[in-house]
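Shown next, in structure tokens, is the structure this report addresses.
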Amino acid sequence: MAGNGSKPIILCVEDERHLRQDIIDELGIAGYEALAARDGREALAMLETSRPDLILCDITMPRLDGYGLLEAVRSSHPGLADVPFVFLTALDERDAVINGKRAGADDYLVKPIDFDLMLATIEARLRQVERLGQGAGRELDAMRQALTDARAGTAAGMRRVVNLLSFGVVLVSGSGVAFANRAAQAIHRAGDGLVIDRALRPASSNLAAEMKSFLAEACEAARLGRDHLSSLSVPRLSGQRDFLLTACALPDTSEAMNGDAQAVVFISDPERRPAVPDELLAKLFDLTPTEAQVARALAHGRRTDEIAQDLAVSPTTVAFHLRNLFGKTGTHRQADLIVLLLTGLASISGPELEAAPQPQT
């Protein structure tokens, strides 16, 4: 919902003039700021300069109908991924409702409009967005703070939680490795392509320069307070499938870090990926089955083009589900989404583990 005391903004897209005006009047009386558009094209033009908190949209309209507008919003306006989209539909348009939900609509209202139901639906959807945003913000802040504490050596509890992860987690800075979880140290001990001691480096000198640049770019992004997400494949000496490293910038906001910009590197081992049930991810984040598959693949370090190939779908379809994941998790960046997914996976109960010894510095 709109913050700083401002009114939530509702965009009403309806070609029937009298109904459009009735909806605008009801929204105004209820305390919302209402914007009106006659069709999808006019709505898209308005979205270039305005950001609504919710969109009410008729399905059947000239020039650009509701389906076209929904597709344009989801594909061309990723910043609106968390904005609920509610279709307005006639009683006899059952198939339209089904198609709308499949296309990514969040809800629908049947004409003739019951205005009390409309206002209750809007209020419920805006509350849901607010809860998601607050919850995701708390989880992301907790994860980042825990990583900061781990570097400072003050979070044995955090280390225990991260050590439950089957993914390698390494916190790096310009000074070298600050923290490596149990899974990362097991990868180091295996001696199969990655060395994780004072620094994170490949066993082969052929990849040393690329690895150095990979880590430096993430740390530099952290120093500048910028979002950063990049991946690097590291060949294994055994000839098995490559390790996949995913680096996320960790913007420096703590005095304990002494200005030493940092990044967190997640190491995915394709030969030992944990069997995380899609049903569990769906329950954790209220995902559809396909969204859960995409989320699991992201958490495993798969790139979007690889996910498209794995699921035998188009990259556009993967991008659509990724936007839905942003909306349902309250995140806006792929780096934050991956951190949040791993935070959720870390909450899965597992065996008690002692904190692994940290790399020698």
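The values are calculated or read from the model by the stated rules, or taken from the named source; none is laboratory data. No experiment lies behind these values; they were computed from the predicted model shown. FYI the Cβ positions are ideal-geometry reconstructions off the backbone, even for glycines, and counts take in every protein chain you see. Ligands, DNA and RNA are excluded from the accessible area calculation, which covers all protein heavy atoms including side chains. Shrake-Rupley method; radii C 1.70, N 1.55, O 1.52, S 1.80 Å.
When THR121 is tested against (1) crowded, with 18+ Cβ neighbours inside 10 Å; (2) at pLDDT below 85; (3) hydroxyl-bearing (Ser, Thr, Tyr), just one condition goes unmet, and that condition is (2).
Has the stretch 187-194 got any residue that is assigned to a strand (DSSP E or B) and buried (at least 17 other Cβ atoms within 10 Å of the Cβ)? It would help to see each step written out before you state the result.
So the first thing to find is which residues in the stretch 187-194 are assigned to a strand (DSSP E or B), and the list is 194.
Narrowing the set further to residues that are buried (at least 17 other Cβ atoms within 10 Å of the Cβ) leaves 194.
Taking every residue of the stretch 187-194 in turn, at least one turns out to be assigned to a strand (DSSP E or B) and buried (at least 17 other Cβ atoms within 10 Å of the Cβ).
If you go through the stretch 158-186 and keep only what is open to solvent by 50 Å² or more (accessible area, probe 1.4 Å), at pLDDT below 80 and outside any loop (DSSP other than H, G, I, E, B), you end up with ARG160, VAL161.
Somewhere in the stretch 239-247, is a residue among the aliphatic types (A, V, I, L, M), part of a loop (DSSP other than H, G, I, E, B), surrounded by 15 or more Cβ atoms within 10 Å (Cβ to Cβ) and modelled with pLDDT under 85? Give the derivation first.
Of all residues in the stretch 239-247, those among the aliphatic types (A, V, I, L, M) come to 244-245, 247.
Now restrict to residues that are part of a loop (DSSP other than H, G, I, E, B): none.
So far as the stretch 239-247 goes, no, none of its residues is among the aliphatic types (A, V, I, L, M), part of a loop (DSSP other than H, G, I, E, B), surrounded by 15 or more Cβ atoms within 10 Å (Cβ to Cβ) and modelled with pLDDT under 85.
Does GLU217 meet the test of being in a helix (DSSP H, G or I), over 16 Å from CYS248 (Cα atoms), open to solvent by 50 Å² or more (accessible area, probe 1.4 Å) and among the acidic types (Asp, Glu)?
Values: in a helix (DSSP H, G or I): yes; over 16 Å from CYS248 (Cα atoms): no; open to solvent by 50 Å² or more (accessible area, probe 1.4 Å): yes; among the acidic types (Asp, Glu): yes.
No; evaluated as a whole, the condition is false for this residue.
Examine the stretch 269-286 for a residue that is modelled with pLDDT of 85 or more, more than 19 Å from the chain's Cα centre (by Cα) and open to solvent by 40 Å² or more (accessible area, probe 1.4 Å), and state whether such a residue exists. No, that holds for no residue.
The number of residues in the stretch 11-57 that are within 24 Å of the chain's Cα centre (by Cα) and within 20 Å of ALA120 (Cβ to Cβ) comes to 4.
Look at (1) at pLDDT below 80; (2) surrounded by fewer than 19 Cβ atoms within 10 Å (Cβ to Cβ); (3) touching a strand residue (DSSP E or B) at 6+ places or on another chain (Cβ under 8 Å) and you find that ALA146 fails only one, number (3).
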